[in-house]
1. Condition first: surrounded by 18 or more Cβ atoms within 10 Å (Cβ to Cβ), in contact with an Asp or Glu (Cβ under 6 Å, 6 or more places away or on another chain) and within 24 Å of A:Glu84 (Cβ to Cβ). Can you find one or more residues in region B:74-92 that meet it?
2. Being in contact with a Lys or Arg (Cβ under 7 Å, 6 or more places away or on another chain) and of a type in the set (A, V, I, L, M) is the filter; apply it to region A:58-93 and report the residue that is surrounded by the most Cβ atoms within 10 Å (Cβ to Cβ).
3. Which residues, counting only those in region A:144-162, are touching a Phe, Trp or Tyr at 6+ places or on another chain (Cβ under 7 Å) and farther than 13 Å from A:Ala177 by Cα?
4. Any residue in region A:185-203 that is farther than 10 Å from A:Arg162 by Cβ sitting within a Cβ distance under 6 Å of a residue that is assigned to a loop (DSSP other than H, G, I, E, B) and at pLDDT 85 or above? List the pairs, counting only those 6 or more apart or interchain.
5. Tally up the residues in region A:157-179 that are at pLDDT below 95 and crowded, with 17+ Cβ neighbours inside 10 Å, please.
6. Identify the single condition in (1) assigned to a helix (DSSP H, G or I); (2) surrounded by fewer than 12 Cβ atoms within 10 Å (Cβ to Cβ); (3) in contact (Cβ under 8 Å) with a residue 60 or more places away in the chain that A:His139 does not satisfy, given that it satisfies every other one.
7. Yes or no: B:Arg188 buried (at least 22 other Cβ atoms within 10 Å of the Cβ) and not polar (S, T, N, Q)?
8. Restricting to region A:167-207, count the residues that are farther than 15 Å from A:Tyr132 by Cβ and small (Gly, Ala, Ser).
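The values are calculated or read from the model by the stated rules, or taken from the named source; none is laboratory data. All values derive from a computational prediction rather than experimental measurement. In this analysis, Cβ positions are derived from the backbone assuming ideal geometry, glycine residues included, and neighbour counts consider all displayed protein chains.
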Amino acid sequence: MSNNIEGLDPVRGLRPDQLRPNEPAEPIVFSRHKEQLMTAISGTESYDDVIRMMPDIYPRLAYDDERAAVEYLGRVFAIEEIREARMEHGDTMLAWLRVGNGVVMVGHADEEVHRISSPRSLGRTTVQMMVYVHNVDEHFAHAFAQGADISMALQDAFYGERRYEATDLEGHRWHFAERFADIKARGGHVPDEATGGLPPEDRSSAM
Amino acid sequence: MVRCVGAMAITGNFQPPAGENSSVEVESDAATIAASFEDSERFGVLFDRHATVIYRYLVRRVGVDEADTLLGETFAVAFERRATYDCTRTEARPWLYGIATNLLAHHRRSEARRLAATARLRAHSPGAEDAFGPVVKALTVADVWLRTARAITELSTEERDVMILRAWEELSYEEIATALGVPVGTVRSRLSRARTHLRELVPPDGREP
């Protein structure tokens, strides 16, 4: 010590455990922090995890106000954003929303690069989101209570699904459905013969 | 700079550092971080390996209470930033030192208090004069320790961090450079400036500065 290597001996002398044995590090400090860390880790997905789980095909929906859209889709249709994935670009942003094992991307209408527009500015849409939900009766009741614009009432379709349709705040069309088999599995009732979706002249023959 | 994302092929090949028991297969920290992109809970291994050292470092600098909080923060930040880890570095300890050091920047006041307390203790312990060589004349030994503590406190954050990582933690210049994200030359020049400042504030012969 006395040769004062690098002229740092005075600094070394102030290293606290030069004076006392190492501060006793309670094992509980480590076990507590380890536990907290593991809880935090298992509850988070990094951006990379999120990118990795993206399906190979998913739609990008254009909105004039994508922030309002993310709020609306979460509140009315219970479609939650994958928060870790959000990318902000000044005033605009890109968001990814998880829908069961699928994903939709929500971004700003972009007439120049991607040439995609909000249905609101076009006055029409050319695509419909097809979504399976866990309990379509509850989903419908929730959306209705939240003021959803229901564009097709809940019905039992002839091909064996209960479904309804809604139009969101900028005119994108959403079709929510549940298979009869899944309705039965959760103890719900389904009709023997469903005619929803058939043209009127075919309904009597199907009965 | 090679990121660990998708880097399993690279990191899988790392050997344990020379001199360690090579009969035991040791997964490098880089490999652990790479694996944590597939299975995030693997990151816990990094805590098991380095938490004790990082905790001691934090206790030395700011005391037990604040070290407790900062230990958790250090590993939480490390997990969040693991995508930016340079996967060519097998050992993550300098990187963790760097994260802890950045967090310490907001705790200057506790650090100053702790240094002053250590200086008071040091002044009354056996061998108190050793670090200063010739017997101090105008100043008492106690004064010199207190002045040294104050001088360290008054260094810029950059100089103080380099000095403490070298003198207390005994990291190499290369490790300090990695920890702080600066070139090795910068570590040398900061350390040299810090030493100069320390000598100005606490002359080795004990004269009034």
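1. Looking for residues that are surrounded by 18 or more Cβ atoms within 10 Å (Cβ to Cβ), in contact with an Asp or Glu (Cβ under 6 Å, 6 or more places away or on another chain) and within 24 Å of A:Glu84 (Cβ to Cβ), one finds at least one in region B:74-92, hence yes.
2. Keep residues of region A:58-93 that are in contact with a Lys or Arg (Cβ under 7 Å, 6 or more places away or on another chain), which gives A:64, A:80, A:82, A:93.
Now drop any that are not of a type in the set (A, V, I, L, M), which leaves A:82, A:93.
Working: A:Ile82: 17, A:Met93: 15.
So, considering only residues that are in contact with a Lys or Arg (Cβ under 7 Å, 6 or more places away or on another chain) and of a type in the set (A, V, I, L, M), the one surrounded by the most Cβ atoms within 10 Å (Cβ to Cβ) is A:Ile82.
3. Once the filter is applied, which keeps residues that are touching a Phe, Trp or Tyr at 6+ places or on another chain (Cβ under 7 Å) and farther than 13 Å from A:Ala177 by Cα, region A:144-162 yields only A:Ile150.
4. Between residues of region A:185-203 that are farther than 10 Å from A:Arg162 by Cβ and residues that are assigned to a loop (DSSP other than H, G, I, E, B) and at pLDDT 85 or above, the close pairs are A:Thr195/A:Phe158; A:Gly197/A:Phe158; A:Leu198/A:Phe158; A:Arg203/A:Thr195.
5. Selection size over region A:157-179: 0.
6. In the conditions (1) assigned to a helix (DSSP H, G or I); (2) surrounded by fewer than 12 Cβ atoms within 10 Å (Cβ to Cβ); (3) in contact (Cβ under 8 Å) with a residue 60 or more places away in the chain, A:His139 misses (2) alone.
7. no
8. 8
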